[in-house]
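A short write-up of the structure that comes next.
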Amino acid sequence: MARCTTKEAVAMFINRLALRSPIGKQAQAALLDLPAVSEIEDVERDFVHVGDRLSHSCLVVDGLVARFAQTQDGARSVVALHIPGDMGDLFSLVAPNVTWALHALCPTRILRIPHHHLRELAEQHPELATAFWRDNVVDANILAQWTVNIGRKDARSTVAHLLAEMAVRHQANGLGSDHEYGFPITQADLADAVALTPVHLNRVLKRLREDAIVIKENTSVRIMDFARLAHAGEFDPAYLQLTCDDRP
Amino acid sequence: MPRFHLHIHNHLGETRDEEGSVFADLDIAHLKAIEGIRSFLSAELLEGKLDLRGHLDIADEAGAVLERIDFHEAVIICDA
């Protein structure tokens, strides 16, 4: 998996926003000039903790990040996955007391961008405020879709949907290809994201591989037939809002 | 902590767990194996069938089978 520079990651974030919201050149330039602190996170480590009060948002530069929700006795569940170009906790800009954790699933680099800079940008460039808002709506749409998947679909369909979604999200962020994308997630973490046991997930992945639909490798996903993957997962990318529609 | 591989053998053939998972010891691996067997049997039940012909092998990193769990051991069936 190619490593991104910090500028490339900010550019990916701008592209992610611009896919859905019109953003002028001045606003784009202001985003590229944002002061930020780069950090490398170790595998299996929280870099945002449950109960933190945040003063920055984290842009994923490279690697893979999970957002975990947690029960009172400490049991955790993956509720979101964030790839390079995503700012997984952008909404902490307006809700800084977090009830979830951000966790590096593999060696991961992030940019911490101070909230006050993001707030100033949103005030100076109202189109950015709208773009940030819409970006948060997409994250909420994804969470809603995951809820439907684990609540109403069988295991094969749920897994197929997630692998199709991640393919489309990688391509939207300018990563991966039609047939392959980097996905350095362990069987245990992937099982958690689709609410299955690792044993059950392994069996589902075997069936998808034997049906010549998709292969989950250790650090990547190889898609043999996207149309059949989408069909198996009842995947319709509409909830990802990949078109720029700013009409009132 | 050691890594264990939970390989399933049933009417569909063998599903090898190449990646494996890290557990504190064999007792925890046994509990996770039982949980795993129950989870896919539950999914089969939702499709209207239950096939208990099969077993799960817990293997160590070298491939040695440390324990074999028959699917029958994972559930209690009351059918009288």
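Quote the charge dipole size of the range A:8-163 about the Cα centre in Debye, to the nearest 20; the model charges only the Cβ of Lys and Arg (+1) and of Asp and Glu (-1).
The calculation lands at about 480 debye.
What size of dipole, in debye to the nearest 20, comes out for the range A:58-121 about its Cα centre when the only charges are +1 on Lys and Arg C-beta atoms and -1 on Asp and Glu C-beta atoms?
Rounded to the nearest 20 debye, it is 60 debye.
Please report the Cα spread of the range A:108-248 along all three principal axes, rounded to whole Å, starting with the longest.
So the three principal-axis extents are 54, 34, 29 Å.
Restricting everything to alpha-carbon atoms, can you work out Rg to Rh for the protein assembly as shown with a Kirkwood hydrodynamic radius?
1.01
Using a Gaussian network model of chain A with C-alpha springs under 10 Å, which one of A:Asp89, A:Asp154, A:Asp46 is most mobile by mean-square fluctuation?
Comparing A:Asp89, A:Asp154, A:Asp46 in a Gaussian network model of chain A, the most mobile one is A:Asp154.
What does the convex hull of the Cα atoms come to per residue for the range A:27-137, in Å³?
Here the figure is 92 Å³ per residue.
Once every Cα of the range B:3-74 carries one equal point scatterer and solvent is ignored, give the base-10 log of I(q)/I(0) from the Debye formula at q = 0.16, 0.21, 0.23, 0.27 Å⁻¹, two decimals.
At q = 0.16, 0.21, 0.23, 0.27 Å⁻¹ the computed log10 ratios are -0.52, -0.86, -1.01, -1.30.
Any number yet on Rg/Rh for the range A:172-215, C-alpha, Kirkwood?
Over the Cα atoms of the range A:172-215, Rg/Rh equals 1.03.
Throughout, read-outs are computed from the coordinates displayed, never taken from laboratory work. Keep in mind it's a predicted model, so treat the numbers as computed, not measured. When we count neighbours, we look across all protein chains shown, and the Cβ atoms used for this are built from the backbone with ideal geometry, even at glycine.
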